[in-house]
Amino acid sequence: MRLAAWLAVLLLLPSWLGLAGGWSWLLDLCANFRWQYLIGSAAIAAWALWRRRWPVAAAAALTLLLNAALIGRLAWHPEVGRAGLQPDFILRVISLNVLTPNTHKRAVLDYLTAADADVILLTEVDRRWLNALQPLQAKYPYRVEHPGFGNAGIALLSRVPWQTAGILRAGPTGLPSIEAGMSYRGRSFVLIGTHPLSPLSPRRAALRNRQLAWLAGHVMQLGQPALLTGDFNATPWSAGLRLATGGNLGFRSLQAPWRPTWEARSVLAIPIDQVLCTAPLVIVRRSVGPDVGSDHRPLEYSVGWGMEGRHD
């Protein structure tokens, strides 16, 4: 039984090690699984109370509180609210990593057609994907497409006109992002879609972090409202997201960004598809879409315009 108690304590450690993700690639990987840690620490606490292992129960309770706080604070955005939202400005956006080898192209096409969003960002698109999605051309005449090798392809489809749009080489990797200067309901803003590297090695994790930090700095220099969205390969608790948020750029959402978008039905489910924005933009609704054959679920959200940017 003592062995079981020590094993329980070891299972609690990743929750705390993830707090030091800025120091190490491996520690940052530990930061991603807060939902799993929340459930696991609750189970360990219950077991320890049943077995009267009071030190283990105390450690599990503290770990439970830690994870609950880290998850729960994603719902805390006192700077945003429904009061003052401009009623004529609601922009509906979908961000979806289609997964390059995904063979369910018809399912993706049918979903995007039925969803009827105003703007669609797609990542991991290659030439075959763009050909398969050609039927969307009539509905989304404004397009920037950059098919890539591997998972570097990206495309932006819009029925909202833009003044400028093109490929943005973000950060040290030079991977393509898309930047579009848009006008909707008489209000101008910039939308940036991006897809940093997945953090599968120390080097890739560092490059992901540098790309997200570069994009955050770029947004701050734009001098106008901005949306930054895509498959960030980073959860809200990771070092990469901490580098991308701060100042005026943040989640600014009326609904917490905690629902998993990657491997949503597995024990590894985590939220790595994100949208960040600057004032006066506010994410007034967000949800996770259906399974369309990718390892990612679509991120669906609606963008509002807050009172900070009232347009008279």
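Counting only residues that are among the small types (Gly, Ala, Ser), crowded, with 24+ Cβ neighbours inside 10 Å and assigned to a loop (DSSP other than H, G, I, E, B), the stretch 216-261 holds 2 of them.
Only a single criterion out of (1) in a loop (DSSP other than H, G, I, E, B); (2) within 19 Å of residue 252 (Cβ to Cβ); (3) without any contact (Cβ under 8 Å) to a residue 24 or more places away in the chain is not satisfied by residue 85, namely (3). Per this entry, residue 90 is counted among residues that are surrounded by 16 or more Cβ atoms within 10 Å (Cβ to Cβ), under 12 Å from residue 304 (Cβ atoms) and modelled with pLDDT of 90 or more. Taking the stretch 102-135, which residues are over 22 Å from residue 287 (Cα atoms), in contact with a strand residue (DSSP E or B) (Cβ under 6 Å, 6 or more places away or on another chain) and either surrounded by fewer than 21 Cβ atoms within 10 Å (Cβ to Cβ) or at pLDDT below 95 (or both)? Residue satisfying the conditions is 130 alone.
From the list 152, 170, 69, 165, exactly one residue is touching a helix residue (DSSP H, G or I) at 6+ places or on another chain (Cβ under 7 Å) and more than 19 Å from residue 286 (Cβ to Cβ). Which is it? I'd like the intermediate steps shown before the answer.
Values: 152 fails: touching a helix residue (DSSP H, G or I) at 6+ places or on another chain (Cβ under 7 Å); 69 fails: touching a helix residue (DSSP H, G or I) at 6+ places or on another chain (Cβ under 7 Å); 165 fails: touching a helix residue (DSSP H, G or I) at 6+ places or on another chain (Cβ under 7 Å).
Checking each option against the conditions leaves just 170.
Kindly evaluate residue 31 against the criterion of being more than 30 Å from residue 243 (Cβ to Cβ) and not assigned by TED's automatic domain parsing to the domain that holds residue 267. Criteria not met by residue 31. Only one entry of 198, 238 meets the criterion of being within 18 Å of residue 31 (Cα to Cα) and either free of Cβ contacts under 8 Å to residues at least 60 places away in the same chain or over 16 Å from the mean Cα position of the chain (by Cα) (or both), and that entry is 198.
Kindly check whether there is at least one residue in the stretch 141-151 that is among the aliphatic types (A, V, I, L, M), within 20 Å of the chain's Cα centre (by Cα) and at pLDDT 95 or above. No, that holds for no residue.
Can you tell me which of 49, 62, 66 is modelled with pLDDT of 95 or more, more than 22 Å from residue 234 (Cα to Cα) and not assigned by TED's automatic domain parsing to the domain that holds residue 232?
62
Scan the stretch 1-57 for residues that are surrounded by fewer than 20 Cβ atoms within 10 Å (Cβ to Cβ), in a loop (DSSP other than H, G, I, E, B) and either β-branched (Val, Ile, Thr) or in contact (Cβ under 8 Å) with a residue 40 or more places away in the chain (or both) and report the count. The total comes to 2. Please determine whether any residue of the stretch 105-124 is touching a residue at least 40 places away in the same chain (Cβ under 8 Å), within 21 Å of residue 272 (Cβ to Cβ) and in a loop (DSSP other than H, G, I, E, B). The answer is yes, given that some residue of the stretch 105-124 is touching a residue at least 40 places away in the same chain (Cβ under 8 Å), within 21 Å of residue 272 (Cβ to Cβ) and in a loop (DSSP other than H, G, I, E, B). For the stretch 154-174, the condition holds for at least one residue, the condition being that it is within 23 Å of the chain's Cα centre (by Cα), modelled with pLDDT under 95 and surrounded by 21 or more Cβ atoms within 10 Å (Cβ to Cβ). The residue that is farthest from the chain's Cα centre (by Cα), among those in the stretch 58-82 that are assigned to a helix (DSSP H, G or I) and farther than 21 Å from residue 21 by Cβ, is 58.
Is it the case that residue 276 is surrounded by fewer than 19 Cβ atoms within 10 Å (Cβ to Cβ) and either in a loop (DSSP other than H, G, I, E, B) or assigned by TED's automatic domain parsing to the domain that holds residue 197 (or both)?
Values: surrounded by fewer than 19 Cβ atoms within 10 Å (Cβ to Cβ): no; either in a loop (DSSP other than H, G, I, E, B) or assigned by TED's automatic domain parsing to the domain that holds residue 197 (or both): yes.
Answer is no for this residue.
The values are calculated or read from the model by the stated rules, or taken from the named source; none is laboratory data. Since the model is a prediction, treat every value here as computed from it, not as a measurement. In this analysis, Cβ positions are derived from the backbone assuming ideal geometry, glycine residues included, and neighbour counts consider all displayed protein chains.
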